[in-house]
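What follows is one structure encoded as structure tokens, with my remarks underneath.
Please treat every number below as a calculation from the coordinates, not as lab data. All figures in this text were calculated on a predicted structure; none of them were measured in a lab. All Cβ positions, glycine included, derive from the backbone under ideal geometry; neighbour counts span all protein chains shown.
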Amino acid sequence: MPSPHPNSSSVAASPAVNHNSQGATRVAYSVGDITFGIRSSREMRLALEPGLLPFGIDSISCDVELSSEWALRIQEPLGAPIFQSGGLWTAYRESAGTSLYFQTEHLGASPYKKCWFNDDVTEGRVWLFRRYFDADLPIYPLEYPLDELLMIHRLAQGDGAEIHASGVVSSDGQGRLFVGHSGAGKSTASRLWMQQPGFRVLSDDRIILRLPNGSPVMYGTPWHGDAGLAEQASSKLHRIFLLDQAPRNEIVPLSPARAAAELFSRTFVPHHHGDGLARTLEFLEKLTAIVPVAILRCTADARAIQEVLRAA
């Protein structure tokens, strides 16, 4: 799956996501132990993107259930949006829930897709503007960024957080999270860890954090970075490091309060949802009370790896 980007083309502009010539009227997948199911009528055949295939599941009932259908027209509301992404999608408050309208410069001003979901993010509907899609080919209605947006809104219910990070697991089960904004060196660090015997990387860019039964767990996601690393797996989380490129290697522990604030600034959140923001911060405060967090001032080479291993 290509690395997510705010200007990624849509399925409509690039229908190469089809991997199954037959398609189905229901597909489902699981990311971060949260399950998503999509159903359609026989007129619309569905298929997961290739990058989501390792996350695919067989389930007749999921945490989030969506229906997908064709639309002859999609018109954006006249009222003021609650959030604008800067070009790709716009959010509105509609019908006791949230609606997302998707546009791309390749297809003009009219939205090519709409998604509505309820406030609990347990159910929703997706409409695709039929003229922009090849109805003879299977379609993935939640193509990026919609699948990730649904995940972010669901996690903001208090279920966890999705964070800019690389998740690394050692052969003895030690889970380490390396957090950083874009360009902080997550993909570089991931490649370095992959060269170490006995280590694997769950994702080099997006990791989901949750506290099932009060125990900190990190999960791989399909939304990878430049290194292209994405694994359907999870691990208990033992240490968190904030990446900070520097001429020498140094580990600086942080207090839980500062750690929660630093993680929040690197977390994907629904900025238009006040309650969701509060719940996400509360989750991070619980997490940093359990898991030690430190700044990792580091060089972009294997010396940084050795510094982390010595600290263990």
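Rounded to the nearest 20, the size of the Cβ-charge dipole of region 96-181 about its Cα centre is 240 debye, with Lys and Arg at +1 and Asp and Glu at -1.
Using the alpha carbons of region 26-157, what is the convex hull volume per residue in cubic angstrom, as a whole number? Don't jump to the answer; show the numbers that get you there.
Working: hull volume 15.5 nm³, N = 132.
Hull volume normalised by residue count: 117 Å³.
Remark: spin-label model distance residue 226-residue 24 equals 3.6 nm, labels positioned 7 Å along the Cα→Cβ axis. Note on region 189-252: dipole from Cβ charges, positive end direction compared against 214, 198, 225; the farthest Cα belongs to 214. Between the listed residues 280, 249, 40, the Cα displaced farthest toward the positive end of the dipole of the chain, a dipole computed from Cβ unit charges relative to the Cα centre, is found at 249. Magnitude of the charge dipole for region 26-157, about its Cα centre and with charges confined to Cβ atoms of Lys, Arg (+1) and Asp, Glu (-1), is about 420 debye.
Using mean Cβ contacts within 10 Å as the protection proxy, how do 199-209, 280-290 order, highest first? List each step's numbers first, then the result.
Working: 199-209: 25.1, 280-290: 18.3.
Top of the packing list down: 199-209, 280-290.
Rounded if a/c is under 1.5, else prolate if a/b beats b/c, else oblate: with a ≥ b ≥ c from the C-alpha gyration tensor eigenvalues square-rooted, which is region 74-144? Taking the square roots of the gyration eigenvalues as a ≥ b ≥ c, region 74-144 is oblate. Checking (i) 19.9, 61; (ii) 23.6, 84; (iii) 21.1, 81 against the coordinates, the calculated Rg and Dmax of the Cα atoms in Å falls under label (i).
State to the nearest 20 debye the size of the charge dipole of the chain about its Cα centre, where the only charges are +1 on K and R beta carbons and -1 on D and E beta carbons.
On the way: 28 positive and 33 negative charges, 82 e Å.
For this selection, approximately 400 debye.
Could you list 153, 238, 181 in order of exposure, starting from the residue whose Cβ has the fewest other Cβ atoms within 10 Å? Could the numbers behind the result be given before it?
Numbers: 153 23, 238 17, 181 11.
Lowest count first: 181, 238, 153.
Starting with the fewest neighbours, write out 147, 172, 275, 63 ranked by other beta-carbon atoms found within 10 Å of each beta-carbon. The partial results should precede the final answer.
Details: 147 24, 172 7, 275 12, 63 15.
Fewest to most other Cβ atoms nearby, the residues stand as 172, 275, 63, 147.
Bridge orientation summary for region 26-157: considering DSSP beta bridges with both residues in this region, about 65 percent are antiparallel. Using a Förster radius of 25 Å, what is the FRET efficiency between residue 43 and residue 118 based on their Cβ-Cβ separation? Nearest 0.05, please. Taking R0 as 25 Å, the efficiency between residue 43 and residue 118 is 0.50. Counting neighbouring Cβ atoms within 10 Å and putting the fewest first, the residues 262, 49 line up as 262, 49. Using 0.36 nm per residue and subtracting the Cα-Cα separation, the extra length available between residue 76 and residue 58 on full extension is 3.0 nm.
What shape does region 154-273 have by the C-alpha gyration tensor, where a ≥ b ≥ c are the square roots of the eigenvalues, rounded means a/c under 1.5, and otherwise prolate means a/b greater than b/c and oblate the rest?
Working: a/c = 1.39, a/b = 1.19, b/c = 1.17.
In terms of gyration-tensor shape, rounded.
Note on residue 106/residue 134: beta-carbon distance plugged into 1/(1 + (r/R0)^6) with R0 of 22 Å gives a FRET efficiency of 0.90.
Given a cut-off of under 8 Å on Cα pairs at least six residues apart, what relative contact order in percent is computed for the chain? Write out the running numbers ahead of the final one.
Details: 719 pairs, mean separation 50.7, N = 312.
Once normalised by length, the contact order is 16 percent.
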